[in-house]
Amino acid sequence: MWGTVISAVAAFAATNLDDIFLLMLYFAQAQGKRHRRTIIMGQYLGISGLILMSLLGGAVLGLLPEVFLRFLGLIPMALGIRLWLTHRRQQTVDPAEAKTEAKEERPASRALGVALVTIANGGDNLGVYTPLFSGATGAQMAVMILVFLVMVALWCFLGQRLATLPVLRRTIERHQGTIVPVVLVGLGVYILLGSIL
């Protein structure tokens, strides 16, 4: 059992290192507990989606052409461009109106955005989890899934803690209209090129 736990921790950590950086960016922009909860919910949705796809594994992914998987990179790219356009629009609007506009985004859409980026960035997760699950018994799979869900909580905690570091927080707050879109677009390009190379 401990071997399964260690394998699961190693697999999660190796495939989600980049998620800590994304979570730090999300939490640095979070406005209150409700917003932080939507980020956590989105991360859980995304990882759960990756776990489900990995469980379906070869049966589903084997039916999809590799070209389709490469285009998952368009999701973070589209979200990054949308955030950049929103930021540009808010710069030309009265600050009071910009605040109202920012509040209009529903928690469900925030959570879905986080989940979609997590899934789009999850090619390595699928590549590691699918064979891991395929060679495991039902009990081992249950242990691995439980470990992954606990690790999501740890990752969210680490992302929140990193976001509170004064230097990082000030930098992100000052340049969030540029940093987050650039990171998301860069991530999308990486996914597109990573699938091609």
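The values are calculated or read from the model by the stated rules, or taken from the named source; none is laboratory data. Just so you know, these numbers come straight off a predicted model, no measurement behind them. Note that each Cβ is placed from the backbone with ideal geometry, even for glycine, and that neighbours are counted across all protein chains shown. Remember, those area values only see protein heavy atoms, side chains included, never the ligands or the DNA or RNA. Shrake-Rupley method; radii C 1.70, N 1.55, O 1.52, S 1.80 Å.
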Obtain the nm distance between the two label points defined at Leu112 and Val5 by a simple spin-label model: each point lies 7 Å from its Cα along the Cα-to-C-beta direction.
-> 3.8 nm
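Quick check on packing: order 15-25, 81-91, 146-156 by the mean number of other C-beta atoms within 10 Å, highest mean leading. If you can, show how the numbers build up before the last one.
Working: 15-25: 19.1, 81-91: 14.3, 146-156: 16.9.
Per-residue mean Cβ counts within 10 Å order the peptides as 15-25, 146-156, 81-91.
Got a sec? What order do Arg174, Arg110 fall in by accessible area at 1.4 Å, biggest, i.e. largest, first? Write out the running numbers ahead of the final one.
Working: Arg174 160, Arg110 45 Å².
Ranked list, largest accessible area first: Arg174, Arg110.
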